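Single-structure report; data block below.
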Amino acid sequence: MILLMKKLLALLFSLFFLSSLSVFADDISDFEIEGISIGDSLLDYMTEDEILKEIERTKDYYSYLNEPNKYAEVYLRKNFLTFSSVSLMIKNNLINEYLTNKNEEYTILSIYGTIDYEEDFDSCIVKRDEILEVVSKMFPDAQKTAVILAHSLDPSGDSTSDIVTLNLTSGAEIHIDCIDFEESFRNKNNFTEGISFGILSQETADWN
């Protein structure tokens, strides 16, 4: 049943969420983004050397948090069916040396997929709301919150995140955001902008 649900959800993502849905999910692990689920081992998708290089590259991404290096973000480099890019959150093994089991070290705790909408924020919002409608049907008991914030990566305050969060009864969260970077900042850092769709375990949801 879980495998069938995962296949159905993966198909939904490949159709950009435009299909209606009659299946209700109870567990965040029922989701797949590009075939990847919460609880998978990152070693199934990357080598350990690749993972460690990514941890080093992204080590300052969450410097604004109280425990910025508790977890590490790793970007998976490949051509995806639906999303422009996919990033994954794991425990930061550089500070969790007591972990000895490889699969435990590299367990995926959050998954983010992005769809580019550069210089087209209005279309991003339209698509974001279509996605939200579908996902809300999957988790009808989720508490929904919406907020617009200055993006944490841009110190000027001119970049924004229009964020909708679904807080699930399990403690996990789903984030569906539209990110609008200030153009010169985006070009300087070679960033993309658009939809960010994230599924977060309770562990990493509490960290954020």
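Things worth noting here:
- Residues listed by number, the range 51-68, amide nitrogen under 19 Å from Ala150 label point at 7 Å toward C-beta: 61-66
- Which listed pairs, of Lys53/Lys78; Lys91/Lys127; Lys70/Lys144; Lys53/Lys91, have C-alpha distances above 21 Å, in listed order: Lys91/Lys127; Lys70/Lys144
- Stretching Asp122 away from Ser63 to a fully extended chain increases their span by 18.2 nm, per 0.36 nm per residue minus the current alpha-carbon distance.
Throughout, read-outs are computed from the coordinates displayed, never taken from laboratory work. Since this is a predicted model, take the numbers as computed values, not measurements. Virtual Cβ from ideal backbone geometry, glycine too; neighbours counted across all protein chains shown.
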